[in-house]
Amino acid sequence: APILHIVGGGMAGSEAAWQAANAGLDVVIHEMRPHVETFAHQTGHLAEMVCSNSFRSDDDEQNAVGLLHWEMRAAGGLIMQMADTHKLPAGGALAVDRDAFAAAVTERLHAHPRIRVETGEITSLPRDGHWIIATGPLTSGALAEAIRAETGAEALAFFDAIAPIVHYDSIDMSQAWMQSRYDKGDTEDERTAYLNCPMDRDQYEAFIDALLAADKTEFHAGETAGYFDGCLPIEVMAERGRETLRHGPMKPVGLTNPHAPDVKPHAVVQLRRDNKLGTLYNIVGFQTKMKYGAQADVFRTIPGLEDARFARLGGIHRNTFLNAPTLLDAQMRLRSAPHIRFAGQITGVEGYVESAAMGLLAARLAVAEIVGTALPPVPETSATGALVTHITGGAEAKTFQPMNVNFGLFPPVDLKGGRRNRPARYKAYTDRAKADWTDWLAAGDTGRAAAE
Ligand code: FAD
């Protein structure tokens, strides 16, 4: 049988190996631990959860991450199977016993007759064969350098600096307005690129106080070593002087508030469209180390964002990731070296679940290509498809930052009652996703059976 090589036996690599081996390929997993360590991993297990032990919401009707669980279960995913076996009571969330979980994944993969695990660091890009690189946020330095040499320095980041992302339909447009600074751009696309929220002096001063008082997280020991290249958290800017933000990301120039054309705002918070669908906007320059609860409280004091729902909150972390919208094709292949696919967090998704899902998908795409079966495009109405469509093309490439799965990535559903009936809308998203994902899995099975 043809051999598929997988670099990295984390969330994505483990799932990819399972999928490919069960589809009849011989698989070699190249995993550097415990021979080479990272600052976050503690064991030599495959699929180690480096921080929290949560797979987040398990609600597959009202939550996009729960839907991703459903899709992976439907595809016979190993990560979900072992998470379900080793789950801990945690209300609506899927929490797992991390050691038992990782040990079980490791045991299953070692026991699989088509899988071999080789311990060792891969330090260069392979020239031929079939490969999936799933080395995660803490990709080893040598391999990261090799990837950088292939993709160019601009296209591989070592830190994410995530500004909070807001669902457009939760922004109060009776206070906010769309306009790019100095009215740059004449196309519809450019006119909807920016959204503005005005502040008067009192609101600005209160906002600075809230930033300074908010709870913050610290970098992990070893996390910043030699990498962090000066992307300042918003609260650090505020610490440098109360006016710093007003002269930086919150400067009020080149903008006129159509709701109050005669009043010059004291400061303006700008949001930039985050996806081509226009369903998501990120708050420009607002990367932060504030804790999640504090962020939601502070950002909801911004006029227009009182009822904001966040597709993801901000953060700054050590994270190796590609500019996937420019580097990867829809098949998750490196455009410049299509025998290499990427999967997991290095593709610009974020989280255990999203990473495992991208491993599952990359393997299925690789299998179809290697076995030579025609596979229809992944439905972008599924959670898996919405996520891969976002990273390989839907996201704005220039400002690309890692993404969690969320309903803002899905093509909208047409529903009476419109945006107000959120539960009905989410149910419509998940119903549509389940039907389309089921069809897609069946098409893959039929194709493979025919090829055999
Ligand atoms: P990983 O699971 O990291 O797997 C990559 C594997 O590749 C590792 O086993 C590594 O040893 C191996 N490897 C790296 N380089 C090489 C090489 N050159 N050769 C061979 N093997 C190599 N996500 C959450 O959902 N919740 C959290 O609480 C959370 N906390 C995090 C905290 C920290 C400090 C970090 C860094 C990340 C955190 N994440 C969290 C993100 C989390 O790491 C990912 O979501 C998930 O583990 C990514 O899966 P992956 O398979 O892409 O990478």
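Computed values, structure above
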| read-out | value |
| --- | --- |
| The chain: radius of gyration over Cα atoms, expressed as a fraction of 2.2 N^0.38 Å | 1.00 |
| Proximal aspartates and glutamates relative to residue 264, as straight alpha-carbon distance under 12 Å, when same-chain residues fewer than 8 apart are discounted | 200 |
| Per-residue Cβ neighbour rank within 10 angstrom, fewest leading, 52, 14 | 52, 14 |
| Residue-wise HN-Hα coupling along the stretch 385-401, computed from phi with Karplus coefficients 6.51, -1.76, 1.60 (Hz; x: Gly, Pro) | x, 4, 5, 5, 5, 4, 6, 9, x, x, 6, 6, 5, 5, 10, 4, 9 |
| Relative contact order (%) - criterion: Cα under 8 Å, at least six apart; region: the chain | 21 percent |
| Stretchable slack from residue 142 to residue 111, in nm (0.36 nm times residue separation minus alpha-carbon distance) | 8.1 nm |
| Unsatisfied cross-links (Cα-Cα over 30 Å) in the set 276/416; 216/434; 216/276; 398/434; 184/276 | 216/434; 216/276; 398/434 |
| From phi via Karplus (6.51, -1.76, 1.60), per-residue ³J(HN,Hα) for the stretch 62-76 in Hz, x at Gly/Pro | 10, 9, 5, 6, x, 5, 4, 3, 4, 5, 5, 4, 4, 8, x |
| Angle in degrees between helix 11-22 and the longest Cα principal axis of the chain, rounded to the nearest 10 | 40 degrees |
| Cα-based helix-to-principal-axis angle, 422-451 vs the chain, degrees rounded to 10 | 30 degrees |
| Amide H within-cut-off set for residue 267, under 5 Å, with H built and near neighbours excluded | 199 |
| Cα-based equivalent ellipsoid, the stretch 163-221: semi-axes from gyration tensor eigenvalues, Å | 29, 17, 12 |
| Residue 316 long-range amide H proximity, modeled H, under 5 Å | 162, 288 |
| Relative contact order computed over the stretch 120-235 (Cα-Cα under 8 Å; 6+ residues apart), in percent | 19 percent |
| Hits among aspartates and glutamates - C-alpha to C-alpha of residue 87 under 19 Å, sequence gap 8 or more where chains match | 15, 48, 58, 59, 60, 71, 97, 99, 107, 354 |
| Residues of the stretch 376-399 with amide N under 16 Å of a point placed 7 Å along Cα→Cβ from residue 73 | 383-384 |
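We did not get these values from a lab; they are worked out from the coordinates using the rules stated. Predicted, not measured: the structure shown is a model, and the values here were computed from it. Cβ: placed from backbone, ideal geometry, glycine included. Neighbour counts: every protein chain shown.
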